[in-house]
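K.L.:
Sharing a structure, written as structure tokens. Questions coming.
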């Protein structure tokens, strides 16, 4: 188990699955060929930061950002919008 960020963040890596929890929400889940990003309803700068820190630490290649109150993910030369609290995309 390792840490990303300095507060209320736990990283679990087992059986080739990566889970990053911020407070009680799994904000990043990498399982097989899919990445799921989940705000848990908390669209805060820190949630977004933890998602991006995970991408940087594990070389996942995505970037989460906000524009006009909407959240987006850039990954592999495409931009996807969060619909609701989460987004899942294929690696």
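The values are calculated or read from the model by the stated rules, or taken from the named source; none is laboratory data. On a predicted model such as this, the values are computed, not experimentally measured, just so you know. Cβ coordinates were reconstructed from backbone atoms using ideal geometry, including for glycine residues, and neighbour counts include every protein chain displayed.
Here is a yes/no grid of residues against (1) crowded, with 18+ Cβ neighbours inside 10 Å; (2) part of a helix (DSSP H, G or I); (3) at pLDDT 95 or above:
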| site | (1), (2), (3) |
| --- | --- |
| 10 | no, no, no |
| 26 | no, no, yes |
| 43 | no, no, no |
| 55 | yes, yes, yes |
| 65 | no, no, yes |
| 71 | yes, no, yes |
| 74 | no, no, yes |
| 87 | yes, no, yes |
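K.L.:
May I pose another question? Answer yes or no as to whether residue 79 is in a strand (DSSP E or B) and loosely packed, with under 12 Cβ neighbours inside 10 Å.
P.N.:
Against the criterion (in a strand (DSSP E or B) and loosely packed, with under 12 Cβ neighbours inside 10 Å), residue 79 qualifies.
K.L.:
Okay, next question. Can you work out which of the residues in the stretch 14-24 that are free of Cβ contacts under 8 Å to residues at least 40 places away in the same chain and assigned to a strand (DSSP E or B) is farthest from the chain's Cα centre (by Cα)?
P.N.:
Looking at the filtered set, the residue picked out is 14.
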